Amino acid sequence: MNKWFISLVFLCMLVIGPSFQAKALTFDHLPTEQTSKQWSVQVEKAIESKGSVKPEKGKFHTYSLHVNNIGDDVVSVKVNMYRNEPGSKTKYSLVGCPDEKDCKQNSHEQTMSLAKQLNDKTPYVFQNFLLAEKATELEVEIVWTQKENPGRPLKETFVFTQ
C-alpha cells in the first residue's frame with residue numbers, strides 16, 4: 001500500500017510539477033508578428049547603435065518593435081508597451097517620459113506626427129527596448145483616432161507570450 005501511495009505522489013509531481021515553474025518570456029524565433037485589420041506589430045532583434053543598451057544575462061533582453069498601419073488612415077496614434085510582473089496584476093510601462101511636463105505639452109503634436117508617418121506607410125520603429133527576463137508577457141497597446149470620429153479614440157492590444 002505504501003509503495004502505491006509513493007508511486008502515486010511521484011506520478012502527480014511529474015504531471016503537475018512543470019506547470020508550477022515560472023517561465024520567462026523569450027522569443028525563440030524572431031521576428032514574431034501579430035496583425036489586425038488596422039495594425040501590424042512585430043517584435044524583432046534589437047537594432048544596435050552607438051549608446052544603445054545591451055542585453056544583460058540574468059536581468060533583461062533587448063528587442064525592437066515595428067508598428068505598421070495596414071488599414072485606414074488615422075488622425076492621431078499613440079503606442080504604449082508594457083510588461084508583466086510575475087505574481088502581480090500590475091503592468092510596467094516600457095516607455096517613459098523623463099520630464100512629465102514636456103510629455104504633456106508635446107503629446108498631441110507627437111500623436112499627430114506619428115499618425116502622418118504611419119499613414120505614409122513608414123513604420124514606427126522603437127529600435128531598442130529592455131524586457132526583464134522575469135517578464136512572461138509583452139503588451140503593445142495602440143490608441144488612435146480616425147477622421148470620421150476624431151473625438152472618439154479606438155484601442156487595440158497585442159499580447160506577446162512565449
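Kindly provide the set of residues from the stretch 79-93 that are crowded, with 18+ Cβ neighbours inside 10 Å and over 13 Å from Phe129 (Cα atoms), ordered by number.
Going through the stretch 79-93, the residues crowded, with 18+ Cβ neighbours inside 10 Å turn out to be 79, 81-84.
Across the stretch 79-93, the qualifying residues are Val79, Asn84.
For the stretch 36-80, which positions are part of a strand (DSSP E or B), basic (Lys, Arg) and in contact (Cβ under 8 Å) with a residue 24 or more places away in the chain?
Applying the first criterion (part of a strand (DSSP E or B)) to the stretch 36-80 yields 39-45, 56, 60-69, 76-80.
Right, trim to basic (Lys, Arg) and you get 45, 78.
Matches in the stretch 36-80: Lys78 only.
Kindly indicate the residue of the stretch 44-81 that is within 15 Å of Val125 (Cα to Cα) and of a type in the set (Ser, Thr, Tyr) and also farthest from the chain's Cα centre (by Cα) among those meeting that condition.
Looking at the filtered set, the residue picked out is Ser49.
Anything in the stretch 81-134 that is within 16 Å of Ser64 (Cβ to Cβ) and either in a strand (DSSP E or B) or modelled with pLDDT under 95 (or both)? List them, or say none.
Of all residues in the stretch 81-134, those within 16 Å of Ser64 (Cβ to Cβ) come to 81, 83, 94-95, 122-131.
Met81, Arg83, Leu94, Val95, Tyr124, Val125, Phe126, Gln127, Asn128, Phe129, Leu130, Leu131, listed by residue number.
Can you name every residue in the stretch 136-152 that is at pLDDT 90 or above and surrounded by 13 or more Cβ atoms within 10 Å (Cβ to Cβ)?
Glu137, Leu138, Glu139, Val140, Glu141, Ile142, Val143, Trp144, Thr145, Gln146
Out of the residues in the stretch 15-46 that are among the aromatic types (Phe, Trp, Tyr) and either under 29 Å from Ala115 (Cα atoms) or modelled with pLDDT of 90 or more (or both), which is surrounded by the fewest Cβ atoms within 10 Å (Cβ to Cβ)? Outline the logic, then answer.
Here is the first cut: in the stretch 15-46, the ones among the aromatic types (Phe, Trp, Tyr) are 20, 27, 39.
Filter once more, keeping what is either under 29 Å from Ala115 (Cα atoms) or modelled with pLDDT of 90 or more (or both): 27, 39.
Details: Phe27: 16, Trp39: 22.
If we take residues in the stretch 15-46 being among the aromatic types (Phe, Trp, Tyr) and either under 29 Å from Ala115 (Cα atoms) or modelled with pLDDT of 90 or more (or both), then Phe27 is surrounded by the fewest Cβ atoms within 10 Å (Cβ to Cβ).
The values are calculated or read from the model by the stated rules, or taken from the named source; none is laboratory data. Keep in mind it's a predicted model, so treat the numbers as computed, not measured. Here Cβ is always computed from backbone atoms with ideal geometry, including for glycine, and neighbour counts include all displayed protein chains.
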